[in-house]
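The structure appears below as structure tokens.
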Amino acid sequence: MKDAMTVQILLVDDDEVDVMAIQRAFRQAKIGNPIHVARDGIEALAILRGESSGRPLPRPFLILLDLNMPRMNGLEFLEQLRADPDLDDSVVFVLTTSDDEEDKSRAYHQHIAGYVVKSDPAKGFMQAIDMLQAYWRVVELPMVAA
């Protein structure tokens with residue numbers, strides 16, 4: 001898999017069961033990419049900017065984002081992300097239980113790469129992981145901000 005081991009994953013989700021399911025799906029697919037977990041948008045921005053560790057999350061990275069979270073939800077996070085010139089080119093996939101058309105529209109308006117509804121968690125997470133694996137196998141991700 002081309003550069004797969006260098007792609008960092010930032011999983012932004014406050015549901016511990018979903019976090020464990022996604023991590024399990026990565027292990028079952030034999031994907032060993034580093035997974036960093038943030039419980040809400042505030043924590044995710046801190047990780048991306050290096051405010052929590054003193055250095056930003058290394059590029060290239062993919063963000064897997066839930067929409068329904070406390071403090072700063074996924075849509076608010078996307079607005080902040082796109083307003084930050086150092087992070088505005090981040091690749092984001094939404095993984096959420098929300099099938100609401102307004103949520104989808106607002107997320108795509110913030111230039112997400114894809115929107116996946118968590119309807120059947122066990123099957124859905126494996127399908128999402130398979131899709132992500134295929135995505136970064138063929139897509140060139142930027143190493144540094146433009």
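Just so you know, all these numbers are worked out from the coordinates, no wet-lab data involved. Bear in mind the structure is a predicted one, so any value in this text is a computation, not a measurement. A quick note on method: Cβ atoms are made from the backbone with ideal geometry, for glycine too, and the neighbour counts reach across all protein chains shown.
What to note about this one:
- Potential lengthening of the chain between residue 52 and residue 68 amounts to 3.5 nm, from the contour at 0.36 nm per residue minus the alpha-carbon distance.
- Residues residue 88 and residue 35, FRET efficiency given R0 of 30 Å [Cβ-Cβ distance, rounded to 0.05]: 0.85
- Loop-resident sites, segment 1-76, for trypsin sites (Lys or Arg not before Pro), counting at most 12 other Cβ within 10 Å (DSSP): 2, 30, 71
- Shape call, segment 1-84: gyration tensor on alpha carbons, a/c limit 1.5: oblate
- Relative to the current alpha-carbon distance between residue 117 and residue 28, full extension at 0.36 nm per residue lengthens the span by 30.0 nm.
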